[in-house]
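Peer 1: Structure in structure tokens, see below.
The values are calculated or read from the model by the stated rules, or taken from the named source; none is laboratory data. Keep in mind it's a predicted model, so treat the numbers as computed, not measured. Methodologically, a virtual Cβ is constructed for each residue, glycine included, from the backbone with ideal geometry; neighbour enumeration extends over all protein chains shown.
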Amino acid sequence: MEDTDLIARVYPVLSDIDIDSSALEAIQASPLYVAPPPLPTEPDHSDIWGLHYMPCIEFRFSNIPRSPHGIIFGRNPKSDVVIPSKSVSNYHFGLTFDDERHLIVKDLDSRQGTQVTYDGEGKGQRRGFCWIVGGDPILQDTTSIVITIDETTMFRIVAVHHDIESQAYMENVDRFCQGLATAEHLP
């Protein structure tokens with residue numbers, strides 16, 4: 001059965017050279033962290049290094065963000081996902097929804113910008129820009145969406161397919177976008 005509460009999973013992108021990435025450290029320190037299952041004791045001829053066996057962060061509709069900016073990635077300890085890198089802005093980017101209820105990555109006017117690529121296409125850092133990463137049929141053939149801040153801070157996002165026309169989905173998105181409406185909103 002489909003998990004209707006799950007929005008997306010975010011995984012660290014690890015290079016062969018540097019396994020100690022800021023992305024991995026941020027994911028493992030996040031309260032949204034989900035540990036990978038243990039590796040099988042006997043090889044099963046499948047790709048055991050696939051995403052299923054990677055640590056990740058799960059974003060769920062039931063995890064209402066503290067801010068209308070969505071789930072915030074940044075260096076500031078008040079960020080939802082704290083990235084320990086000096087090249088990351090205090091509030092670097094948010095994972096939220098646009099007015100058409102598409103899942104988006106939004107650069108929060110970070111100092112150096114954010115890059116989102118689709119199967120390796122669309123390179124270039126941008127500031128104050130939004131990228132659709134889920135909920136749009138144009139993405140159905142996309143196999144890899146990568147969010148890059150710098151060479152040690154890269155994430156792969158895998159959005160869950162939802163019926164974006166359903167009433168339940170629209171209500172979940174609206175509730176998620178409101179945040180908790182507290183006085184601690186980001187600037």
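Peer 1: Just give me the residues in the range 89-141 being polar (S, T, N, Q) and touching an Asp or Glu at 6+ places or on another chain (Cβ under 6 Å), in sequence order.
Peer 2: Thr114
Peer 1: Looking only at strands (runs of 3 or more DSSP E) that fall completely inside the range 86-154, which ones have 2 or more residues that are aromatic (Phe, Trp, Tyr)?
Peer 2: 93-97
Peer 1: Separate question: What about Ile17, is it buried (at least 17 other Cβ atoms within 10 Å of the Cβ) and either part of a strand (DSSP E or B) or at pLDDT below 90 (or both)?
Peer 2: no
Peer 1: Okay, moving on. Out of Asp141, Asp150, Asp107, Asp163, report the one residue that is closer than 23 Å to Leu24 by Cα and more than 14 Å from the chain's Cα centre (by Cα).
Peer 2: Only one candidate passes the filter, namely Asp150.
Peer 1: How many residues does the range 117-139 contain that are free of Cβ contacts under 8 Å to residues at least 12 places away in the same chain and loosely packed, with under 12 Cβ neighbours inside 10 Å?
Peer 2: Residues meeting the conditions: 5.
Peer 1: Is one or more of the residues making up the range 170-185 aromatic (Phe, Trp, Tyr), surrounded by 13 or more Cβ atoms within 10 Å (Cβ to Cβ) and part of a strand (DSSP E or B)?
Peer 2: Checked the range 170-185: no residue is aromatic (Phe, Trp, Tyr), surrounded by 13 or more Cβ atoms within 10 Å (Cβ to Cβ) and part of a strand (DSSP E or B).
Peer 1: How many residues does the range 95-113 hold that are under 20 Å from Tyr169 (Cα atoms) and surrounded by 15 or more Cβ atoms within 10 Å (Cβ to Cβ)?
Peer 2: Looking only at that region, the number is 9.
Peer 1: I would also like to ask the following. Provide a single number: the residues in the range 85-106 that are touching a Gly at 6+ places or on another chain (Cβ under 7 Å) and closer than 14 Å to Met154 by Cα.
Peer 2: Residues that pass the stated criteria total 2.
Peer 1: May I ask you to verify whether Leu95 is closer than 21 Å to Cys56 by Cα and either at pLDDT 90 or above or of a type in the set (D, E, K, R) (or both)?
Peer 2: yes
Peer 1: Another question, then. Does Ile104 meet the test of being of a type in the set (A, V, I, L, M, F, W, C) and without any contact (Cβ under 8 Å) to a residue 60 or more places away in the chain?
Peer 2: Criteria met by Ile104.
Peer 1: Could you look through the range 20-54, keep only residues that are touching a helix residue (DSSP H, G or I) at 6+ places or on another chain (Cβ under 8 Å) and part of a loop (DSSP other than H, G, I, E, B), and pick out the one that is modelled with the highest pLDDT?
Peer 2: Pro36
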